[in-house]
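Asker: Below you will find the structure I want to go over with you.
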Amino acid sequence: MEIIIQPDSGTASALAAKIVARIIKDNPDAVIGFPTGATPLEFYRNLVRMHREEGLDFSRTTTFNLDEFVGLPPDHSGSYHVYMDKHLFGQVNVGRDRIHIPDGLAADIPASCRRYEEEIRTAGGIDVQILGIGVDGHIGFNEPTSSLGSRTRIKTLTRQTRRENAAEFGGEDNVPYHVLTMGIGTILDSRLILLLAFGAKKAPIVAQTVEGPVTALIPASALQHHPRTILILDEEAAGELAKADYYRYVYEHKPDWQKY
Ligand code: F6R
């Protein structure tokens, strides 16, 4: 894992956007996996600005979202269809037929999850997957004890995750219990993973993810097995890393050809 510690979430988000923009410029047909939540909002603002001001072209990119709630119509204000349209897809030139978000209304959920995996494979796999992380260590909505080899499927959210999402639904009672999410195995198949984590609230789980044992109790710890995962953190989220000084030292001394 590469750990990059930035002074604040603004510089961290800008760096993540710069890395993704470089990937799109190098390969206009890039396949990108996107998350939702509070963490990537500034990252999306950067991508939109780069599209408007620098001509960053999404017309040939293909996208796959990590997850979606079960049972919500795509126009529900809490759905990730609406979130993505508002924060990214509606503001850049990505082709509508190239956007993929799990179908939380599918009549046959297992078949729809298998199809999602098939669509990822047909697209050639995910070149770069962006992730946030839950305070319990979930990535996508792979809650603790998720199989580290799991594929796209239905999951039940923990009480804590439903509480975390309450604001979007006008109260915890309205948050769906179920989601469709890429599995940990699906995520680990991505060629590059960028995990963003900001704020002191994420510090304990970031430390366990990076420096603790690999365990299904901390699903994000499975990323230790991935050959190209970059964590982009602000100072607060890096606050409990025992080897933070080492990560800073490595970043400062990157060979020029490896710099972002
Ligand atoms: C959302 C997702 C989740 C979030 C995580 C952190 O698509 O996959 O894993 O990334 O719950 O959420 P925030 O960023 O709101 O703290």
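Asker: Determine whether Tyr83 is within 23 Å of Ser9 (Cβ to Cβ), open to solvent by 20 Å² or more (accessible area, probe 1.4 Å) and among the hydroxyl-bearing types (Ser, Thr, Tyr). If you could, list the steps in order and put the result at the bottom.
Answerer: Details: within 23 Å of Ser9 (Cβ to Cβ): yes; open to solvent by 20 Å² or more (accessible area, probe 1.4 Å): yes; among the hydroxyl-bearing types (Ser, Thr, Tyr): yes.
When the stated conditions are applied, Tyr83 passes them.
Asker: Can you tell me which residue within region 97-115, out of those that are open to solvent by less than 20 Å² (accessible area, probe 1.4 Å) and within 14 Å of the ligand (Cβ to nearest atom), is farthest from the chain's Cα centre (by Cα)?
Answerer: Here the answer is Gly104.
Asker: Hey, among the residues in region 70-80 that are away from the ligand (no atom under 13 Å from the Cβ) and at pLDDT 95 or above, which one's surrounded by the most Cβ atoms within 10 Å (Cβ to Cβ)? First the steps, then the outcome.
Answerer: From region 70-80, those away from the ligand (no atom under 13 Å from the Cβ) are 70-77; that's our starting set.
Pick out the ones that are also at pLDDT 95 or above and you get 70-71.
Working: Val70: 19, Gly71: 13.
Here the residue is Val70.
Asker: Please go through region 162-180 and give me each residue that is in a loop (DSSP other than H, G, I, E, B) and among the aromatic types (Phe, Trp, Tyr), ordered by number.
Answerer: Of everything in region 162-180, just one residue is in a loop (DSSP other than H, G, I, E, B) and among the aromatic types (Phe, Trp, Tyr), namely Tyr177.
Asker: Can you name the number of the only condition in (1) of a type in the set (Val, Ile, Thr); (2) within 14 Å of the ligand (Cβ to nearest atom); (3) closer than 22 Å to Leu56 by Cβ that Val94 fails?
Answerer: Of the numbered conditions (1) of a type in the set (Val, Ile, Thr); (2) within 14 Å of the ligand (Cβ to nearest atom); (3) closer than 22 Å to Leu56 by Cβ, the odd one out for Val94 is (2).
For (1) under 14 Å from Phe34 (Cα atoms); (2) near the ligand (Cβ under 10 Å from one of its atoms), each residue gets a yes or a no:
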{"site": "Phe89", "(1), (2)": "yes, no"}
{"site": "Asp127", "(1), (2)": "yes, no"}
{"site": "Phe141", "(1), (2)": "yes, yes"}
{"site": "Thr156", "(1), (2)": "no, no"}
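Asker: Also, quick follow-up: Quick check: is even one residue across region 147-161 buried (at least 24 other Cβ atoms within 10 Å of the Cβ) and part of a loop (DSSP other than H, G, I, E, B)?
Answerer: Checked against the condition, which is being buried (at least 24 other Cβ atoms within 10 Å of the Cβ) and part of a loop (DSSP other than H, G, I, E, B), region 147-161 yields at least one hit.
Asker: Here's something else I'd like to know. Mind listing whichever residues of region 17-69 are buried (at least 19 other Cβ atoms within 10 Å of the Cβ), within 14 Å of the ligand (Cβ to nearest atom) and not aromatic (Phe, Trp, Tyr)?
Answerer: Matches in region 17-69: Ile32, Gly33, Pro35, Thr36, Thr39, Pro40, Glu42, Thr63, Asn65, Leu66, Asp67, Glu68.
Asker: Still on this structure, I have one more. Give Leu72, Leu47, Leu56 a once-over and let me know the one that is closer than 30 Å to Asn174 by Cα and aliphatic (A, V, I, L, M).
Answerer: Only one candidate qualifies: Leu72.
The values are calculated or read from the model by the stated rules, or taken from the named source; none is laboratory data. Predicted, not measured: the structure shown is a model, and the values here were computed from it. Every residue, glycine among them, receives a Cβ derived from its backbone with ideal geometry; neighbour counts consider all protein chains shown. Protein only, heavy atoms only, side chains kept; ligands, DNA and RNA dropped before computing areas. Shrake-Rupley method; radii C 1.70, N 1.55, O 1.52, S 1.80 Å.
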